[in-house]
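Okay, so here's the structure we're looking at.
The values are calculated or read from the model by the stated rules, or taken from the named source; none is laboratory data. Not measured: the values here are computed from a predicted model. Here the Cβ positions follow ideal geometry from the backbone for every residue, glycine too, while neighbour counts run over all protein chains shown. Surface accessibility is based on the protein's heavy atoms, side chains included, excluding ligands, DNA and RNA. Shrake-Rupley method; radii C 1.70, N 1.55, O 1.52, S 1.80 Å.
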Amino acid sequence: MRCTWGTAGLAVLALASAVGCGPGPLTVAQPASASSELQGKWWTWAASEPEETNPVADDDGSACDRNQPEDVWFLAGTFGGEAERECTVPAGRPIAFPLVNYFGDGQDCIAFMDDAEGSALLDGSPVEPEVYEGESIIVQGLEGNAITGARERFTTTGCGLWVQLPALGLGQHILKIIGRSGDLSVGVEYRLTVQEPSESSEPPEFSV
């Protein structure tokens, strides 16, 4: 199983997103979540929605809270091109995202990573990504999703440039991201608002 996307239905899916702060490049140590688990969980999240409500295809940020897990907040890039999004993030939630990522067979991951590059700025400060060369991951999608199109669970190889950050401080943050591999380029500007969650709010239901 390989993940692809394009005008003919086949191409590389690259996704960009990031956060960070500080006077210079911010290098964040990888948290306890294993990179293979993180990648599989992110792809499962991305494969939980059809294109019209998919966070990767989102034009304005209205889908950024779709099916978010309770222990992390995922951000996404685009299927190609640029987007500007507004997104409210619950306080206390760590954030994880790829600058550019892929799943497929091991050789495809090698080729993808040879050409992959990306950058991210949060409030004007750069964030240094972790490089995941290629790891076995488990992905599960829902019927009609925008990534695999089918309800299925499979094991594949995941790779990419990734960032995991602790929870951001309350208030407004401007996040600018760029990602590229091969012929596909993406760019996203996020206007993030970190706020305390409402006491009456309940996490969205997500089952596969």
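Here are the numbers:
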{"quantity": "Distance-filtered residues of region 160-183 - backbone nitrogen under 16 Å, label point 7 angstrom along residue 84 Cα→Cβ", "calculated": "173-177"}
{"quantity": "Virtual spin-label span in nm between residue 59 and residue 37, 7 Å along Cα→Cβ", "calculated": "3.9"}
{"quantity": "Share of alpha-carbon pairs per 10 Å distance bin for region 47-120, given as whole %", "calculated": "16, 44, 32, 7"}
{"quantity": "Probe 1.4 Å, all protein chains present, accessible-area order of 93, 191, largest first", "calculated": "191, 93"}
{"quantity": "Solvent accessible area, Å² - residue 176, 1.4 Å probe, full protein context", "calculated": "100"}
{"quantity": "Beta bridge orientation in region 50-208: antiparallel %, DSSP, nearest 5", "calculated": "75"}
{"quantity": "Accessible solvent surface per residue of region 101-208, calculated while the other protein chains remain in place, 1.4 angstrom probe, Å²", "calculated": "51"}
{"quantity": "Region 86-126: radius of gyration over Cα atoms, expressed as a fraction of 2.2 N^0.38 Å", "calculated": "1.61"}
{"quantity": "Normalised per residue, the volume of the convex hull around the Cα set of region 101-161 (Å³)", "calculated": "103"}
{"quantity": "Taking only Cα atoms of region 70-208, radius of gyration then Dmax in Å", "calculated": "16.1, 48"}
